[in-house]
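A short reminder: the numbers here are calculations on the coordinates, not readings from a lab. All values reported here derive from a predicted model rather than from experimental measurement. Positions of Cβ are generated from backbone atoms using ideal geometry, with glycine treated the same way; all protein chains shown enter the neighbour counts.
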């Protein structure tokens, strides 16, 4: 199957590309590299450096690749930037998505898989765990823009018979995660502790999230190619974990026993508690998480330790090179 993955050089998207390639699909990646990295690109996937806001270039990629499926991960995904720049957030997440949807209709794609958000869309939940039929009350521009595309998908399915699947993610973590992301607490804690910096928790540490490993998320995207047409699925662990528990996990795995975090005021737009009901994904999509939080934390910490060693070695090599060139 020919699959076009937008945002395929990013944290989650690159793992989805890897999973599609491993499953035997022909994959093309569309990414502007504003947040993604070329080092994340699968060598077996064709790459197009394109901004999804550029309608003409998006159309050119569709004409060239002739995808049967679009997997849409490209997004403005920084909650705080969305608060500061709501117009930019809407331009990327809504208008950019419409460019993809229109191209998908014009080229007769067989399925559109959309990476949406759970916590940012549901807002502060009225009950836990949160099922898909829970009211959607986003409290940030990011949550609004991501959820808005879900409505367009439903409409396009009615108007143009375009099949789709929506995957509402919990807090995804794992290798390649960026510490600059809105939900990158594992990455932030790892990088800061490895650098000898005392991490800061925003709030009192009791804020609750539903963490799901990126490998499990990638597997959900593979299943979405053939299951669950016209459906919305929560993709999470179904378990609640506090910020302080994540801090302790990373601290202990790095051997920083005794280290305690600093604390700062809670940031605007952050909800207090979220935990997802994943029964529908089990029943209809045929998916459930396999990676435990401890196993996933070990995998993530190992990645950042290896990255830190590599960066240190590169720094030493650069210093040696400069010293050799000094007269």
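One table, with the values for the structure above:
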quantity	calculated
Computed over the stretch 30-75: relative contact order in percent, which uses C-alpha pairs under 8 Å that are six or more apart	37 percent
Fluctuation leader among 106, 19, 115 - the chain, Gaussian network, Cα springs under 10 angstrom	106
Rounded Å value of the spacing that divides the Cα centres of the stretch 174-231 and the stretch 243-303	7 Å
241, 307, 6 arranged by Cβ crowding within 10 Å, fewest neighbours leading	307, 241, 6
Three-way shape call for the stretch 61-147 based on the alpha-carbon gyration tensor, with the a/c threshold at 1.5	oblate
Estimated [θ] at 222 nm from DSSP helical runs (n ≥ 4, -39500 (n - 2.57)) normalised by residues in the chain, nearest 500	-12500 deg cm²/dmol
For the stretch 177-235: rounded, prolate or oblate by the Cα gyration tensor [a/c cutoff 1.5]	prolate
Prolate/oblate/rounded call for the stretch 1-107, Cα gyration tensor, a/c under 1.5 rounded	oblate
Label-point gap, in nm, between residue 152 and residue 179 - each point 7 angstrom along Cα→Cβ	3.4 nm
Rounded FRET efficiency, nearest 0.05, which uses the C-beta distance separating residue 91 from residue 266 and R0 of 35 Å	0.80
DSSP-defined antiparallel bridges as percent of all bridges, the stretch 131-283, nearest 5	15 percent
Alpha carbon centroid spacing (whole Å) that separates the stretch 32-70 from the stretch 113-131	28 Å
Compactness relative to 2.2 N^0.38 Å, alpha carbon Rg of the chain	1.01
Beta bridge orientation in the chain: antiparallel %, DSSP, nearest 5	5 percent
